[in-house]
Ligand code: HEC
Ligand code: HEC
């Protein structure tokens, strides 16, 4: 009897350590309280926010306060996106801090989309006018909610610049007036160069 019990408890201990080891092996994205709440986002933004697409922004490693603001802007319709609006509303309902915290805590995964070196070189020169806010390499400034542009897919970056220029990103937002005025001075073909430059930065 005692021996059987001892054997049983040893088996339980052995099993527990196997489960524990397995748990340690998969430790990472699944551990965060925001993981379950972010499940639907991966359809477009990639697993754990590591977008592999040229049009969908990388969320992994993005500043939490910036993500939260973006979700609030989409949900209220201030930043117009028919694709994002329902998911932003869902994130707000489930807990926007958990969702934002989840993506912010993931390791940044730069886009796999490569840029033409000549475009990168032209973009580096053109980026001088943006450095005052975004920094020379595009690192941004979380304290001012200026986003990090490094490693984002070039297609996404270029599209957002076009939206600013046409006043279609958060139309009428007084805080974005200076950015939009500046974008209007940038020729359309330069946006591809700027996007190539920032996208290639790490
Ligand atoms: C159907 C596809 C789709 C799904 C699902 C989706 N997104 Fe998006 N997301 C987009 C698109 C497209 C954009 C760019 C929209 C624009 O032009 O502003 C975007 C932009 C964003 C941005 C802005 C990033 C930036 O750099 O400003 C954030 C933050 C974001 N999504 C978070 C989420 C979260 C969190 C979820 C899940 C709750 C989610 N998304 C689900 C398609 C999607
Ligand atoms: C006055 C400061 C300022 C200047 C100058 C500025 N930006 Fe920005 N930029 C911002 C802020 C703030 C945001 C975020 C806006 C928001 O919250 O919707 C932003 C957003 C962006 C985005 C969208 C990023 C994303 O993840 O969605 C791109 C792309 C961008 N800027 C590129 C540029 C380029 C290129 C220039 C130079 C031609 C430039 N910016 C000049 C402050 C600035």
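Please determine, in degrees from 0 to 90 and to the nearest 10, the orientation of helix 2-25 with respect to the longest principal axis defined by the Cα atoms of the chain, where the helix direction is its Cα long axis.
10 degrees
Could you give me D for segment 112-202, from Stokes-Einstein at 25 °C and 0.890 mPa s, where the hydrodynamic radius is the Kirkwood radius over C-alpha pairs? Units µm² s⁻¹, please.
Estimated via Stokes-Einstein, D reaches 188 µm²/s.
Could you tell me the relative contact order of the chain? Use alpha-carbon pairs under 8 Å, at least six residues apart, and round to a whole percent.
For the chain, the relative contact order is 22 percent.
Going by how many other Cβ atoms sit within 10 Å of their own, how do 165, 89, 177 line up, fewest first?
Fewest-to-most ranking of 165, 89, 177: 177, 89, 165.
Please express the shape of segment 38-84 as an equivalent ellipsoid: the semi-axes are the square roots of 5 times the eigenvalues of the C-alpha gyration tensor, given largest first in whole angstrom.
Sorted largest first and rounded, they come to 18, 13, 9 Å.
Between helix 84-94 and the chain, what is the angle of the helix's C-alpha long axis to the longest principal axis, kept within 0 to 90° and rounded to the nearest 10?
Computed tilt is about 40 degrees.
Using only the Cα atoms, what convex hull volume per residue in Å³ does the chain have?
Per residue, the Cα convex hull of the chain comes to 138 Å³.
Any read-out appearing in this document is the output of simple, stated calculations on the displayed coordinates, not a laboratory observation. Computed from a predicted structure; not experimentally measured. Counting neighbours? That spans all protein chains shown, and the Cβs are built from the backbone with ideal geometry, glycine included.
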